[in-house]
Amino acid sequence: MTKKSGRSGSQNIQGGWKVAFWFLLPSLIGFVVFFLYPSLRGLYLAFTDWNLLGNKGEFIGFDNFERMRDDSQLSNSLWVTLKYVVINIGSQTIISIGIAVMMDRLTKSQFVRSIMLLPWLMPNVVVALLWVWMLDKNLGVVNRMLDWIGIDPINFFTSTSWVIPTVAAVNTWKFMGYTALLIFAGLQTIPKSLYEAGAIDGATEFQMFRRITLPLLRPVLALVLVITIVGSMQVFDVINVATGGFNGQAGGPANASRVVYLYIYQTAVTFNEPGYAAAISLLLVAILMVVTFLQLKLLRAGESDLA
Amino acid sequence: MRGKTFMRLFALLLAVAMVAAACGSSDDGGTATENDGADSEETTSDDDGGEEEAMDDDDGEEAMADATVIDYWLWDGNQQPFYEQCAEDFHAVNPDIAVEVSQFGWGDYWDGLTAAFVTESAPDVFTDHLARYPEFVDSGVLVPLNDYVDADGLDTAQYFPGLAELWTSPDGERYGLPKDFDTIAMVLNETMLADAGITVDDFNSAEWNPTDGGTWGALVQKLSIDTNGVRGDEDGFDASSVATYGFGLEGAFGAFGQTTFSSFAASNGFTAVDGVWADKANYADPALAETIQFFADWIAAGYITPIEDVESLGGTTMFQGGQAASQTNGSWMISTLSGEATEFPVVYAPTPVGPSGARASMFNGLADSITTSAEDPDAAWKWVAYMASPACQELIGAGAVVFPAIPSAAAIAQDAHAANGVDVSAFTTHVDNGTTFLFPITDSASRIEEIMGPIMQQILRGEVKAADVLPDAAAQVDEILAR
């Protein structure tokens with residue numbers, strides 16, 4: 001009896017595999033076609049001098065990687081990316097926590113909560129064009145408002161010192177609602193009884209934020225930071241659309257906004273060196289892996305203080 | 001309550017979508033500009049293109065059955081109607097070959113072409129640019145034309161001297177037949193000139209030098225007016241609050257400065273590269289540093305438009321908007337500058353005579369190239385040869401958009417401009433007097449641009465001194481050319 005039921009059980013599992021295969025197939029095809037094959041191909045291209053136009057290339061070993069060592073454009077792009085990530089993640093995280101706490105503690109309105117997501121729903125290119133328009137020196141509403149309070153108009157996207165803070169602010173505006181929503185979800189996991197206890201003990205709202213909310217939010221915050229930093233390091237769309245200017249190349253002025261993703265794109269498409277671009281992409285992957293690993297380790301993302 | 005919230009959200013989303021749509025349509029105007037042979041103002045071209053295409057379909061269908069179809073690309077919308085006319089005339093002579101003309105904005109054009117080569121859907125024939133074709137030659141995607149030229153006995157001496165040679169690689173292979181040329185001249189706001197008591201003759205005889213700007217500089221100073229109405233040559237001129245700049249940059253400088261610094265640097269004795277396909281450039285030449293530094297100093301002094309404004313607004317827009325009293329620009333912009341978009345009378349003067357004792361203008365020409373993707377290269381050659389023949393070029397010339405490469409056709413263009421009341425001799429004087437220099441052709445133009453462009457931006461912003469940074473940049477450029 002037991003034998004028989006065991007056999008029929010295993011048969012069931014075997015049949016299950018078949019069904020599972022057909023269910024998995026669509027995403028498996030997507031994975032292989034759009035992820036696995038391009039990744040392996042990219043890995044291979046990094047060791048060639050493949051040319052986009054001629055569609056041929058030769059194996060050149062580690063030449064592309066050696067070239068990276070002396071590439072001042074590359075080190076500049078990494079430095080610019082770092083500046084961007086620090087400004088973007090710094091402002092975005094602080095504002096998002098503030099919004100999330102307010103959504104949790106101040107309002108229960110679904111309408112207000114939905115409105116926060118609107119910027120995130122807009123396509124990146126539209127966001128870039130909208131802000132190029134609003135920040136224009138002559139026509140832009142922002143400079144007009146600055147004029148009212150006596151500040152001279154600012155060339156937000158064509159000044160070397162303003163361009164990265166400007167792009168960082170635009171992306172902060174775009175992603176703060178989404179990030180706030182993630183943190184807001186994290187806040188729901190904190191038991192309300194803790195706040196009640198705090199209130200009975202006479203703690204102020206700020207004290208409760210510092211002593212209860214922040215420590216208990218840490219695992220969620222760690223996850224949010226991993227997601228947003230990885231996303232932030234891959235900034236491309238807004239810079240490519242907003243920083244070209246007239247007769248300039250995106251990434252300007254004077255390389256001030258040439259982030260590493262843009263440099264990879266330009267190396268592949270504009271300078272027609274996809275092999276070298278693939279090598280830089282591998283470097284970026286390595287950097288992202290190290291950053292993510294360190295973050296998860298340092299922020300102890302796996303454990304909670306909620307004893 | 002829930003329904004109401006949803007409706008509000010929906011209304012907001014709709015509003016966002018509408019803003020998005022509005023932004024999308026303004027995209028074309030904002031991005032498709034580059035200081036090359038491209039006409040940035042694609043005036044009315046889209047409408048024309050649509051109608052023409054619709055018309056093509058009618059007689060196209062009968063021809064389509066057995067005719068070879070040549071796919072032809074160009075980027076200048078202003079010229080599209082005239083090339084479509086050429087295509088029709090060509091089809092009348094060669095009933096077995098039909099030509100389909102497609103137009104793309106300058107930026108989309110080159111990215112689209114690269115993508116088309118990779119996906120093997122490239123056009124049979126396309127308008128080629130000197131800055132780009134060496135990279136195509138390197139990649140082996142262009143058909144050499146020598147055998148065709150020899151077989152047809154085509155006379156390459158029928159074009160303006162120098163134009164045909166531009167399209168020949170160091171190994172003697174020809175990759176394009178010249179279709180037009182362009183030169184640079186000063187563009188002047190006649191109303192502002194009159195207000196300052198300056199005539200176009202003053203500019204015709206002006207001399208420039210990088211030390212104090214010469215008589216040209218004095219004119220530019222006089223044309224500059226601050227917000228208190230004080231002119232640049234008067235005491236108390238406030239450089240921090242300028243209403244009208246005497247001279248406006250056409251765009252960012254880039255490596256070659258076709259419409260910006262090239263005329264000035266060349267009249268100061270600078271040549272970017274030694275000959276065509278050189279493996280060394282001269283960016284360390286002090287003559288260049290002096291010229292670029294002159295522009296940076298005069299921007300700081302309030303006589304020339306700040307580069308930040310030029311990059312965000314566009315140099316031609318600033319000129320047309322009255323923020324600059326003059327600029328240098330290319331001959332392909334004449335119809336735009338003298339057209340309805342400019343609300344004041346415009347006159348042209350040659351670029352000033354420099355320390356070398358002569359004027360200078362970059363001499364750039366476009367050509368048509370055949371791609372290796374062409375299914376029927378013989379038919380493609382017939383179309384290219386037709387476009388490079390007097391029949392088509394005279395038609396183009398009558399359109400008064402560009403100067404055709406054949407002198408007789410160029411004369412027709414000059415007459416057509418004169419009939420419109422525009423004197424274009426400021427542009428043609430360079431060809432008549434031999435004061436042109438050739439567009440620097442190298443096989444790494446985009447890489448050089450990547451090095452020089454940002455450095456020029458830094459110099460013009462006053463962040464660094466030209467003499468300090470150009471030698472290092474020159475070394476990087478030479479390294480690329482030697483590779």
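Values in this text are rule-based calculations from the coordinates and carry no lab data. Small disclaimer: the values here were computed from a predicted structure and weren't measured. Ideal geometry is used to build each Cβ from the backbone, glycine not excepted, and the neighbour counts take in all protein chains shown.
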Quick one: 3J(HN,Hα) in Hz for the stretch B:177-194, Karplus 6.51/-1.76/1.60 with θ = phi - 60°, rounded, Gly and Pro as x. 10, x, 10, 7, 9, 9, 9, 10, 8, 6, 10, 10, 7, 5, 4, 5, 4, 4
Extension length gain for B:A151 and B:D235 (0.36 nm per residue less Cα distance), in nm, is 23.3 nm
Please report, in debye to the nearest 20, how large the charge dipole of the stretch A:208-307 is about its Cα centre when each Lys and Arg carries +1 at its beta carbon and each Asp and Glu carries -1 there. 400
Which whole-Hz couplings ³J(HN,Hα) result when phi for each residue of the stretch A:204-221 is put into the Karplus expression 6.51 cos²θ - 1.76 cosθ + 1.60, θ = phi - 60°, listed in order with x for Gly and Pro? 7, 4, 5, 4, 5, 4, 6, 8, 10, 4, 4, x, 7, 7, 3, x, 5, 4
Residues with amide H under 5 Å from that of B:D180, placed H, sequence gap 5 or more: B:L366, B:A405
Rounded to the nearest 0.05, what FRET efficiency do B:D108 and A:D201 give with R0 = 45 Å and r taken as the Cβ-Cβ distance? Could you check? 0.10
Grab the other residues whose beta carbon is less than 11 angstrom from that of B:I448, score K and R as +1, D and E as -1, and report the net. -4
What's the angle, to the nearest 10 degrees (0 to 90), between helix B:286-300's Cα axis and the longest principal axis of chain B? 70
Picking from A:I183, A:I149, A:I89, which is most flexible by a Gaussian network model of chain A using Cα springs under 10 Å? A:I149
Please say if chain A is rounded, prolate or oblate, where rounded means a/c under 1.5 for a ≥ b ≥ c the square roots of the C-alpha gyration tensor eigenvalues, and otherwise the choice is prolate for a/b larger than b/c and oblate otherwise? oblate
Would you work out which of A:F206, A:V235, A:P153 lies farthest towards the positive end of the dipole of the stretch A:63-298, given +1 charges on the beta-carbon of Lys and Arg and -1 on that of Asp and Glu, about the Cα centre? A:F206
Evaluated over the protein assembly as shown, the Cα radius of gyration and Dmax, each in Å: 30.5, 113
Taking the Cα centre of the stretch B:275-377 as the origin and placing charges on Cβ (Lys, Arg +1; Asp, Glu -1), which of B:A358, B:G275, B:A324 is farthest toward the positive end of the dipole? B:A358
To the nearest 20 debye, the stretch A:63-298 has a Cα-centred charge dipole, built from +1 on Lys and Arg Cβ and -1 on Asp and Glu Cβ, of 580
Counting other Cβ atoms within 10 Å of each Cβ, which trypsin sites (Lys or Arg not before Pro) in the stretch A:44-138 have at most 16 and sit in a DSSP loop? A:K108
What number, rounded to the nearest 500 deg cm²/dmol, is the helix-based mean residue ellipticity at 222 nm of the protein assembly as shown, given -39500 (n - 2.57) per DSSP H run of at least four residues and division by all its residues? -17000 deg cm²/dmol
Can you pull the mean other chain C-beta count within 10 Å for peptide B:453-461? 5
Summed side-chain charge close to B:L395 - residues other than B:L395 whose Cβ falls under 11 Å, Lys, Arg +1, Asp, Glu -1: -4
List the residues, sorted by chain then number, that are 5 or more residues from B:R359 or on another chain and whose placed amide H is less than 5 Å from its amide H. B:G354
Dipole of the stretch A:63-298 [Lys/Arg +1, Asp/Glu -1 at C-beta], most positive-end residue of A:A278, A:V126, A:L182: A:L182
In chain A, what is the count of Lys pairs whose alpha carbons are under 27 Å apart, counting only pairs at least 8 residues apart or on separate chains? 8
Return the sequence-ordered ³J(HN,Hα) values of the stretch B:146-159 in whole Hz as given by the Karplus equation 6.51 cos²θ - 1.76 cosθ + 1.60 applied to θ = phi - 60°, using x for Gly and Pro. 3, 4, 5, 4, 5, 4, 7, x, 6, 8, 7, 7, 6, 8
Debye, to nearest 20: dipole size of the protein assembly as shown, +1 on Lys, Arg Cβ, -1 on Asp, Glu Cβ: 6940
Starting from the amide H of B:V69, placed 1.01 Å from N in the peptide plane, find each other amide H under 5 Å away whose residue is 5 or more places distant or on another chain. B:A98
Of A:S232, A:S39, A:S109, the most mobile residue in a GNM of chain A (C-alpha springs, cutoff 10 Å) is A:S109
